[in-house]
Amino acid sequence: MSRIGKAPITIPAGVTITVSNDNVVSVKGPKGELIQAVDTDITVSQEEGILTVTRPSEQKKHKALHGLYRSLINNMVVGVTDGYKSQQELVGVGYRATNTGNTLDLVLGYSHHYVFQLPEEIKVTTTSEKGQTPKIILESIDKQLIGQVAAKIRSLRAPEPYKGKGIKFVGEVLRRKAGKSASKK
């Protein structure tokens, strides 16, 4: 049996979960509301503050969907209570990030600026302190959306392996390569 799928989801105070007849799960909490359609084979039941996800058989498809939908619903519960946060830093001379509302303006060493319009579900802030690398901070209740947007921003200038210049996540460890001078011995 799926270890992730069989784990129950405890519903915190202030969160309401409704499951419609066509298997659409709606999670409403203090930070907002998220909706996820669940496959018709998977059963979502709620009893006394605990949500359980069950599957009808031991087929490979059902096993895969069991853990998937349990994780998605758990991410929704965490999102509406605590929210998610992603931090990225710009490493490189002259790299800058500014924002006005949900419009992110990036200077990444190209001949032009990147102007990136973010979805309204995501809140963005940028920081530029003297002696520190510029940072982009994304906050949202939707884990999937924030991860997708963060990956798109990172892809504009992915970190290179020699000097580490580019957009990287805070705390990310890059695999560095030795330059030309290291091979001559």
Legend entry - Single condition Ile17 does not satisfy, out of (1) closer than 20 Å to Thr81 by Cα; (2) open to solvent by 60 Å² or more (accessible area, probe 1.4 Å); (3) in contact with a helix residue (DSSP H, G or I) (Cβ under 9 Å, 6 or more places away or on another chain): (2)
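Give the residue that is farthest from Met76 (Cα to Cα), with candidates limited to residues of the range 1-39 that are of a type in the set (D, E, K, R) and within 22 Å of the chain's Cα centre (by Cα).
Looking at residues that are of a type in the set (D, E, K, R) and within 22 Å of the chain's Cα centre (by Cα), I get Lys31.
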Inset, instruction - Please enumerate the residues belonging to the range 100-110 that are without any contact (Cβ under 8 Å) to a residue 40 or more places away in the chain and not in a loop (DSSP other than H, G, I, E, B). - result: Thr100, Thr103, Asp105, Val107
Inset, instruction - Could you look through the range 26-45, keep only residues that are without any contact (Cβ under 8 Å) to a residue 40 or more places away in the chain and part of a strand (DSSP E or B), and pick out the one that is nearest to Val15 (Cα to Cα)? - result: Ser26
Legend entry - Cβ pairs under 9 Å, 6+ apart, first in the range 72-96 and farther than 19 Å from His112 by Cα and among the acidic types (Asp, Glu), second in a strand (DSSP E or B) and open to solvent by 40 Å² or more (accessible area, probe 1.4 Å): Glu89/Lys135; Glu89/Phe169
Inset, instruction - Can you confirm whether the range 48-58 contains a residue that is under 20 Å from Gln144 (Cβ atoms), touching a strand residue (DSSP E or B) at 6+ places or on another chain (Cβ under 7 Å) and touching a residue at least 40 places away in the same chain (Cβ under 8 Å)? - result: yes
Legend entry - Residues (of a type in the set (A, V, I, L, M) and surrounded by fewer than 19 Cβ atoms within 10 Å (Cβ to Cβ)) located in the range 59-86: Ala64, Leu68, Leu72, Val78
Legend entry - Filter result (open to solvent by 50 Å² or more (accessible area, probe 1.4 Å), hydrophobic (A, V, I, L, M, F, W, C) and outside any helix (DSSP H, G or I)) within the range 147-160: Ala158
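Looking only at the range 46-91, which residues are part of a strand (DSSP E or B) and more than 19 Å from the chain's Cα centre (by Cα)? Walk me through it before giving the result.
First, the residues of the range 46-91 that are part of a strand (DSSP E or B): 46-47, 50-54, 84-91.
Residues satisfying the conditions are Gln46, Glu47, Ile50, Leu51, Thr52, Val53, Thr54, Val91.
Condition check ((1) surrounded by fewer than 19 Cβ atoms within 10 Å (Cβ to Cβ); (2) of a type outside the set (Lys, Arg); (3) at pLDDT 95 or above) across all residues:
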position: Val38; (1), (2), (3): no, yes, no
position: Asp41; (1), (2), (3): yes, yes, no
position: Glu47; (1), (2), (3): yes, yes, no
position: Thr54; (1), (2), (3): yes, yes, no
position: Ser57; (1), (2), (3): yes, yes, no
position: Gln88; (1), (2), (3): no, yes, yes
position: Gly92; (1), (2), (3): no, yes, no
position: Gly109; (1), (2), (3): yes, yes, no
Legend entry - Residue ID - surrounded by the fewest Cβ atoms within 10 Å (Cβ to Cβ), chosen from residues in the range 115-146 that are touching a strand residue (DSSP E or B) at 6+ places or on another chain (Cβ under 8 Å) and part of a loop (DSSP other than H, G, I, E, B): Ser128
Inset, instruction - Within the range 4-26, identify whether any single residue is within 22 Å of Ile146 (Cβ to Cβ) and modelled with pLDDT under 90, and answer yes or no. - result: yes
Inset, instruction - State which residue pairs qualify: first residue farther than 16 Å from Leu156 by Cβ and inside the range 111-123, second residue in a loop (DSSP other than H, G, I, E, B) in any location, beta carbons under 6 Å apart, and separation of 6 or more residues or different chains. - result: Glu121/Asp142
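The values are calculated or read from the model by the stated rules, or taken from the named source; none is laboratory data. The structure presented is a predicted model; accordingly, all values stated were derived computationally and were not measured. Backbone-built Cβ (ideal geometry, glycine too); neighbour counts: all protein chains shown. For accessibility, only protein heavy atoms count, side chains too; no ligands or nucleic acids. Shrake-Rupley method; radii C 1.70, N 1.55, O 1.52, S 1.80 Å.
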